[in-house]
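Have a look at the structure below before the remarks.
The values are calculated or read from the model by the stated rules, or taken from the named source; none is laboratory data. Since this is a predicted model, take the numbers as computed values, not measurements. All Cβ positions, even for glycine, are placed from backbone atoms using ideal geometry, and neighbour counts span all protein chains on display. All accessible areas refer to the heavy atoms of the entire protein, side chains included, with ligands and DNA or RNA removed. Shrake-Rupley method; radii C 1.70, N 1.55, O 1.52, S 1.80 Å.
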Amino acid sequence: MLIRYETPADIDAIHDLTSIAFAPMPYSAGTEAEIIRRLRTSGDLTISLVAEEEGEILGHVAFSPVTIDGVHDGWFGLGPISVRPERQRQGIGKALIAKGLGLLEEMGASGCALIGNPEVYRGAGFCSDGRLSYHDLDTRLVQHIVLHGPAPSGTLRFAPAFDS
Ligand SMILES: CC(C)(COP(=O)(O)OP(=O)(O)OC[C@H]1O[C@@H](n2cnc3c(N)ncnc32)[C@H](O)[C@@H]1OP(=O)(O)O)[C@@H](O)C(=O)NCCC(=O)NCCS
């Protein structure tokens, strides 16, 4: 399996994969594939990686700038992330995350934040200390990993592409 940057030829496959992976999820608004398109258009798709095997796209992850208390300060958001349903729980998501975090670190990013199930992201090094918040969501779902500098504290905001 190869983890690589997206190319223009992957755009439709990423859209389809994201729609299929999120469709059964009760927390999905059904807008994740469209969010990726909007991030790309607005120039906020900082990193977009695909997992490819024998020419097939099995997984995708997006990273985009976020603000904490209105300031960017080198923090990025992870997501949407998707793996083909029949290939989930085989380490593909973890490999996409590890590659993306490595690239963020090389860029000198301060860190990465996300909203999600702690069980999925803990193994990749994400944690929650309750000091990063997102609307009125349980802060255990608001996770981060520090790459350089201090731990984040404040209100997390994703790129405008996430606003429906
Ligand atoms: C979330 C998702 C991207 C994870 O990808 P994956 O390839 O299945 O994940 P991996 O096999 O690499 O597992 C990564 C970790 O998540 C855990 N995990 C995976 N799916 C899980 C689930 N449904 N519930 C709890 N833990 C889960 C694994 O046990 C593993 O933990 P570890 O690092 O402690 O060993 C994938 O399940 C998916 O596409 N889901 C649908 C879309 C979605 O919900 N995206 C995330 C929104 S927050």
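By the helix-only formula, in which each DSSP H run with n ≥ 4 contributes -39500 (n - 2.57) and the sum is divided by residues, the chain has a 222 nm mean residue ellipticity of -8000 deg cm²/dmol. Treating the angle as unsigned and between 0 and 90°, give the value, to the nearest 10°, between the Cα long axis of helix 11-22 and the longest Cα principal axis of the chain. With rounding to tens, the tilt is 70 degrees. Spacing of the modelled spin labels on Val146 and Ala98, each 7 Å from Cα toward Cβ, amounts to 2.4 nm. The amide H of Val66, built 1.01 Å from its N in the peptide plane, has Trp75, Phe76, Gly77 as neighbours under 5 Å, considering only residues 5 or more places off or on other chains.
Relative to the longest principal axis of the Cα atoms of the chain, the long axis of helix 92-107 makes an angle of roughly 50 degrees.
Hey, can you rank 64-73, 111-120, 145-154 by average C-beta count inside 10 Å, highest first? Spell out each step's value before the answer.
Working: 64-73: 16.8, 111-120: 18.3, 145-154: 14.9.
My ranking of the peptides, most packed first, is 111-120, 64-73, 145-154.
Could you give the alpha-carbon Rg of the range 81-164 over 2.2 N^0.38 Å, rounded to two decimals? Taking N as the residue count of the range 81-164, the ratio is 1.13. Using the Cβ-Cβ distance between Thr7 and Ala29 with R0 set to 30 Å, the FRET efficiency works out to roughly 0.65. Temperature 20 °C, viscosity 1.002 mPa s: under these conditions the Stokes-Einstein estimate for the range 1-65, based on its Kirkwood radius over C-alpha pairs, is 177 µm² per second. Measuring spread by the Cα atoms of the chain yields a radius of gyration and Dmax of 14.8, 43 Å. Which one of Val83, Cys127, Ala33 has its Cα pushed farthest toward the positive end of the charge dipole of the chain, where Lys and Arg give +1 and Asp and Glu give -1 at the Cβ? Result: Cys127, furthest along the dipole toward the positive end. Can you compute the label reach from Ser133? Point 7 Å from Cα along the Cβ direction, backbone N cut-off under 16 Å, restricted to the range 143-164. It comes to 143, 152-158, nothing else. A 1.4 Å probe, protein heavy atoms only, puts the accessible area of Tyr134 near 60 Å².
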